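Here's the structure, in structure tokens; my notes come after.
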Amino acid sequence: MTLFFSLVSYELRITMRQAFSWVTPLVFFIIVICLFPLSIGTHSALLSEIAPGMIWVTALLAVLISIGSLFRTEDEEGSLSLLLLSPYPLSVLVFAKIASYWLTHCLPLICVTPLLGFMLHLPALQVLVLCLTLLLGTPALCLLGAIGAALLVGIRGNGLLLPILIMPLYIPILIFGTSAVLAASQEQPLSAYFAIMGAFTFMSVAMAPILTAVALRMGVSQ
Amino acid sequence: MWDWLKQNGLSPKSFYRTSGLCLPWLTVLFLGCAGFGLIDGLYIAPADYQQGDGFRIMYVHVPSAFAAMAVYFAMAICAVLTLVWRVKLAAVCMSCSAPIGASFTFLALVTGSIWGKPMWGTWWIWDARLTSVLILFFLYMGFIALQSILAEQHYRDRACALIALVGVINLPIIHYSVIWWNTLHQGPSISQLAKPAIAPSMLYPLLAMIAAFFLFYLSVLFMRMRNQILLREKHTHWVREVVLS
Amino acid sequence: MNWIYMGGYGAYVWGAYGLTLVVFVMNYLIVKREKKQIQKRMNRFIQSKDHE
């Protein structure tokens, strides 16, 4: 456990030193969201109806585009094989990397979501529910994406391959995340949605670090 | 027993020999099943009382959708054999199945859409079954893309096996969430395809066509696998003899 | 003639079956072409090995 936290704080310090790496997904997220009113018009009823789906899809894209480089620095520096040789279980090391990735790449997106929600005329309750679903769902997105990132670790020019590979696996999370906001707008009970999304996230926490570790070992021993 | 099987039954060499013996029979059986299914399905079976002759599209749509799913599960089984027991033949089978499965999925999508036009009045609706077949198609595409980008063969086999496994774990989750999503967003108009129990005279051609699709899958799979085995085992003595003969 | 007409669904039914035929034939032809190419490659490979 101490190992996990010290690794997370180490990763966080590194990311904070190069601010560019965690600001880029945030800027991408905001710009893409702003493109929608510019392209489909500023009719507030329309915008508030499609806002949850829009924000969810954009968050998903922001994760998919950036997570491909999760292991890239290690791979280029050659420290990846050191990671594999370390006496600690690889899945814990991987999980720490994914956790710090989520803290630096997804948490900022969730923090600006209320702002974007109000810009898109989304009622306050729905903004709250949207943030909660993002909070529950994005860890699963990162965990599943990490498997793909580990598989493609040595491949150059994999920019579009990772989305193709991982996107179908994101569909259930997307469906439940946006449906919860829809249900909130119709004043239906929400606990079932949160329970299912929580189940997705815990299932990915249990399985994804192990699969990622397996994929990394396969890639390095080739 | 298992070691013996791995040494003898599942070795590429013995598979090459056995599959060569099986192929003509598979082809004959396929032609027989397809012939019976086509004649019975297109000519003998009576028209449906609701859908008229349009229901005959079912005889290619249902088998292709069924085969598309089954091929993906076969790939997942091969993936386990590849990852856990390192059966060489399973990796070949998995990688050779993917293009055939993808073509079946494509067929299921397009024939479903052709069937939908006269029945629903539109080429595409976001029906739960159509949507989950579409997602299955995406899964196949991801697998094939990964396969085509990885150069080193041993790593490619294992990476593809991993992604096939992850896909098959997710497939039921995706399927049920799509069904649930569909009931949430569905307008009340479409319930035409809720079919009553099928009459036997319509069932026999369907079974024959399903058998035909599987026999076709097996025969093309065997041909593909034989090609791949020659390529992968090119340094061995027996391949040299096969090529020179 | 009535049979080909399929009670008004002729175009759809024959379209679907025709497409099935195309997909099957394509599958078969791709494997056949692959076989030819591999045969050639293997012949060249064995010749180059014999030269050594």
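Annotations for the structure displayed:
Results for (1) at pLDDT 85 or above; (2) of a type in the set (Lys, Arg), shown as yes or no for each residue.
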| position | (1), (2) |
| --- | --- |
| B:Ala90 | yes, no |
| B:Cys96 | yes, no |
| B:Gly101 | yes, no |
| B:Phe104 | yes, no |
| B:Leu109 | yes, no |
| B:Gly112 | yes, no |
| B:Thr122 | no, no |
| B:Arg129 | no, yes |
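- Criterion (closer than 23 Å to A:Val153 by Cα, touching a Cys at 6+ places or on another chain (Cβ under 7 Å), part of a helix (DSSP H, G or I) and facing another protein chain (nearest Cβ under 9 Å)) met by exactly one of B:Leu83, B:Leu162, B:Leu146, B:Leu139: B:Leu146
- With respect to the stated conditions, A:Ile173 is under 14 Å from the mean Cα position of the chain (by Cα) and within 22 Å of A:Val94 (Cβ to Cβ).
- Taking the numbered list (1) at pLDDT below 95; (2) more than 30 Å from B:Ser11 (Cα to Cα) in turn, B:Ala159 passes all entries but (2).
- Among the residues making up the range B:152-166, those that are closer than 16 Å to B:Ile135 by Cα and of a type outside the set (Val, Ile, Thr) are B:Ala164, B:Leu165.
- Number of residues in the range B:40-80 that are part of a helix (DSSP H, G or I), facing another protein chain (nearest Cβ under 9 Å) and small (Gly, Ala, Ser) equals 2.
- Applying the condition of being more than 9 Å from chain B (Cβ to nearest Cβ) and not hydroxyl-bearing (Ser, Thr, Tyr) to the range C:38-52 and asking which residue is surrounded by the fewest Cβ atoms within 10 Å (Cβ to Cβ) yields C:Glu52.
- The one condition in (1) out of contact with any His (no Cβ under 8 Å at 6 or more places or on another chain); (2) at the interface with another protein chain (Cβ under 7 Å from one of its Cβ atoms) that C:Ala16 fails to fulfil: (1)
- Which listed residue, of A:Thr58, A:Thr2, A:Thr42, is without any contact (Cβ under 8 Å) to a residue 40 or more places away in the chain and surrounded by 17 or more Cβ atoms within 10 Å (Cβ to Cβ): A:Thr58
- Residue check, B:Ile174 facing chain A (nearest Cβ under 7 Å), part of a helix (DSSP H, G or I) and aliphatic (A, V, I, L, M): yes
- Once the range B:113-126 is narrowed to residues that are more than 9 Å from every other protein chain (Cβ to nearest Cβ), closer than 22 Å to B:Asp53 by Cα and under 23 Å from the mean Cα position of the chain (by Cα), the residue that is surrounded by the most Cβ atoms within 10 Å (Cβ to Cβ) is B:Gly116.
- Wholly within the range A:78-127, helices (runs of 4 or more DSSP H) carrying at least 1 residues that are at pLDDT 90 or above and exposed (fewer than 13 other Cβ atoms within 10 Å of the Cβ): A:107-119
- Of residues in the range B:149-159 being farther than 15 Å from A:Ala150 by Cα, free of Cβ contacts under 8 Å to residues at least 24 places away in the same chain and not acidic (Asp, Glu), the one farthest from the other protein chains (Cβ to nearest Cβ): B:Ala151
- A:Ala149 closer than 22 Å to B:Phe138 by Cα, within 11 Å of chain B (Cβ to nearest Cβ) and buried (at least 24 other Cβ atoms within 10 Å of the Cβ): no
- Answer from B:Ile125, B:Ile114 - the residue that is outside any helix (DSSP H, G or I), over 16 Å from B:Met223 (Cβ atoms) and touching a residue at least 24 places away in the same chain (Cβ under 8 Å): B:Ile125
- Condition check for B:Ser19 on (1) over 30 Å from C:Asn2 (Cα atoms); (2) in contact with a helix residue (DSSP H, G or I) (Cβ under 9 Å, 6 or more places away or on another chain); (3) away from chain C (no Cβ under 14 Å); (4) not aliphatic (A, V, I, L, M): one failure, at (3).
- Residue match in the range A:183-191 (condition: under 19 Å from the mean Cα position of the chain (by Cα) and more than 9 Å from every other protein chain (Cβ to nearest Cβ)): no
- Breaking point among (1) surrounded by fewer than 19 Cβ atoms within 10 Å (Cβ to Cβ); (2) more than 9 Å from chain C (Cβ to nearest Cβ); (3) modelled with pLDDT of 85 or more, for B:Leu231: (2)
- Residue in the range B:86-95 that is within 12 Å of chain C (Cβ to nearest Cβ) and crowded, with 20+ Cβ neighbours inside 10 Å present: no
The values are calculated or read from the model by the stated rules, or taken from the named source; none is laboratory data. The structure presented is a predicted model; accordingly, all values stated were derived computationally and were not measured. Note that each Cβ is placed from the backbone with ideal geometry, even for glycine, and that neighbours are counted across all protein chains shown.
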